[in-house]
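The values are calculated or read from the model by the stated rules, or taken from the named source; none is laboratory data. Bear in mind the structure is a predicted one, so any value in this text is a computation, not a measurement. For neighbour counting, all protein chains shown are included, and Cβ atoms are generated from backbone atoms with ideal geometry for every residue, glycine included.
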Amino acid sequence: MNKILNYSAVKAIVMRHLFEWRRNLDRVVDTFWWSTIDIIFWGLTSSYIKQNNPQIPNIVTLFLGGIILWTFVQNSQRDINMPLLNDAWNRNLVNLFSTPIRLRDFIAGTLVLGLIKLSMSFVFLSVVAFLLYQFNIFYLGYFLILAMVNLILVGWWVGFIISGLILRFSYRVEAFAWSLVFAIYPFSAIFYPVDILPGWAQAVAKVLPTSYIFESMRSIIFDGTFSWGNIIISFILNLIYLTLSILFLKKMFRESLRTGRLVKLN
Amino acid sequence: MNDEMIVEVRNLTKKFGPANAKSVAVDNISFSIKEGEIVGFLGPNGAGKTTTIQMLLGLVIPTSGTIDIFHKSLFQHREEILSEMNFSSTYTHLPWRLSVFENLYVVALLYSVKNARDKVAEVIKKMNLEEIKDETIDKLSSGWITRVNLARTFLNNPRLILLDEPTASLDPEGADEIRKKILEYRKREKATILWTSHNMAEVEEVCDRVIFLHKGKIIAEDTPRGLAKTIKFCRVSFIIEEKQDEFLRIIAQNKWKAIVSDKFITIELVEEDIPLLIQILAEEEISYSEISIDKPTLEDFFISTARKK
């Protein structure tokens, strides 16, 4: 019982949400719809800008690459929080945590589930972008894998913080699950360089792992160069935030057992 | 039933709220449950039953006190202990977009049940759920949902089951069926059961012993019959059509309590006074067409204790 992970419990979490996912239009929409709308909207916008400003090279690549990569942050964060909220909405949290499952098994289950759904949405978006705009995301080469790993880690630590806040403040902050991640959106410099941000905003961008990834993406698109330094800084920042966010979530979970908030959330 | 203690709770206390204004939900309670015993956990709303059950499930951390289950500390051996327990409550729901089979399969995985699919099929058969196994929970009646909830409880062959009002929301026939299933399981597996209910007749029927909580404290602990016996008053009901006023005057003289509804009169009095009452009726030539004597029940104990406190 003291295994690092209870694989059966991890599988239970994955199966529970996959069973529901295929019957729940909301969840299917979350996985595909919004990102597809973004692809269509920004693809058309960037195509129009390119038509009228041919001197701006690779504008479509910049926008579509940025959108697809941002999907990794947004979807991986949401897939951490939705299983917790879903079980709370279903009044199933008491059933769930009265079994031998531990917090770490629950988290591991949500991570595996998130990766499965993220793979599906990534393949889908890549195909949509290619069919509509002949945009090939794999043009980014092995940087794509490094960026994906880092951006998924960002989604995870933001998700852990939000789950901790939900355990602490209950439904009052449930909207964070689909909104809080956008607090880092303007500072991540997805479509523009960090340099154009005001001084204070540049300071914020410097402590966000996302800004280093999107700076690297732009270097590849515009100059064909790639900085390992940016990837390493992003990765180190992610490890620090991931560790802190897990400690925060563990503390909030323990607090919710002490104060009875976990059962009240049910 | 043997004398091995399955549950041992010592000086359990739970306080909620900020440090300067804590409310006490459970106040220094101690009790034990033997293997194979069915213990009723009773008390009015807010007595602390649910909080105690939540602490027994590791869902709420006590402020102080200890809980040992299967001779092990719940706080040090949570997963090991919970794998041999299960819980069912009318007030928790199963994910409603999952089918019955899917729900049970997920629960079997959570308990690391070997050959989970086979075990689920076996429980579905035993609980007569075959006809609804592919239905999603949102399409089921409350009777079916209660049965599925109970089926969920048997998946890991638990040695200890905590039941929170397992038959609430069921019609009498459905409730009877559920009680039979639980008692069958207890007999077959020698399981220990902690049972909360507001249905006193049910508790009298199934429980070997009752623990009565009020405002977080245990105020009584005995067999259902033993607790009922502590109530000295019983009720004698008559249909009296003539000389009703005279009869009520005699009742008042003897300081008995009467409840009158048209020709129906119910007298509340100590059991030893019943012969005197019958004698008075004969002496005064007051005729009655029907008589029934209701001895005190667990429900009387419940109501009188809740009112007194």
Test result for residue A:173, on the phi < 0 side of the Ramachandran plot, surrounded by 17 or more Cβ atoms within 10 Å (Cβ to Cβ) and of a type in the set (A, V, I, L, M): no
Selection within region B:63-87 - buried (at least 21 other Cβ atoms within 10 Å of the Cβ) and not β-branched (Val, Ile, Thr): B:74, B:82, B:85, B:86, B:87
Breaking point among (1) basic (Lys, Arg); (2) within 11 Å of chain A (Cβ to nearest Cβ); (3) touching a residue at least 40 places away in the same chain (Cβ under 8 Å), for residue B:78: (3)
Residue tally, condition in a helix (DSSP H, G or I) and of a type in the set (Gly, Ala, Ser), over region A:235-266: 2
Of the criteria (1) within 20 Å of residue A:14 (Cβ to Cβ); (2) surrounded by fewer than 23 Cβ atoms within 10 Å (Cβ to Cβ), which one residue A:184 fails: (1)
Filter result for residue A:103 (at pLDDT 95 or above and within 13 Å of chain B (Cβ to nearest Cβ)): yes
Single match in B:70, B:41 (criterion: away from chain A (no Cβ under 12 Å) and modelled with pLDDT of 95 or more): B:70
Filtered residues of region A:246-266 (kept if at the interface with chain B (Cβ under 9 Å from one of its Cβ atoms), surrounded by fewer than 19 Cβ atoms within 10 Å (Cβ to Cβ) and within 26 Å of the chain's Cα centre (by Cα)): A:254
Identity of the residue in region B:136-149, in a helix (DSSP H, G or I) and more than 22 Å from the chain's Cα centre (by Cα), that ends up surrounded by the most Cβ atoms within 10 Å (Cβ to Cβ): B:137
Filter result (assigned to a helix (DSSP H, G or I) and at the interface with another protein chain (Cβ under 9 Å from one of its Cβ atoms)) within region B:108-117: B:108, B:109, B:110, B:116
Complete set of residues in region A:85-100 that are of a type in the set (S, T, N, Q), in a helix (DSSP H, G or I) and facing chain B (nearest Cβ under 7 Å): A:95
So residue A:73, is it farther than 24 Å from residue A:158 by Cα, out of contact with any His (no Cβ under 9 Å at 6 or more places or on another chain), in contact (Cβ under 8 Å) with a residue 12 or more places away in the chain and surrounded by 15 or more Cβ atoms within 10 Å (Cβ to Cβ): no
Any hit, region B:118-130, residues being touching a helix residue (DSSP H, G or I) at 6+ places or on another chain (Cβ under 9 Å), touching a residue at least 24 places away in the same chain (Cβ under 8 Å) and part of a strand (DSSP E or B): no
Restricting region B:46-61 to residues that are surrounded by fewer than 23 Cβ atoms within 10 Å (Cβ to Cβ) and farther than 14 Å from residue B:194 by Cα, the residue that is farthest from the other protein chains (Cβ to nearest Cβ): B:46
When residues of region B:93-107 are limited to those that are among the aliphatic types (A, V, I, L, M), in a helix (DSSP H, G or I) and within 8 Å of chain A (Cβ to nearest Cβ), the one nearest to residue B:157 (Cα to Cα): B:107
Among the residues listed as A:28, A:10, the single one being within 14 Å of another protein chain (Cβ to nearest Cβ), within 19 Å of residue A:127 (Cα to Cα) and out of contact with any Ser or Thr (no Cβ under 8 Å at 6 or more places or on another chain): A:28
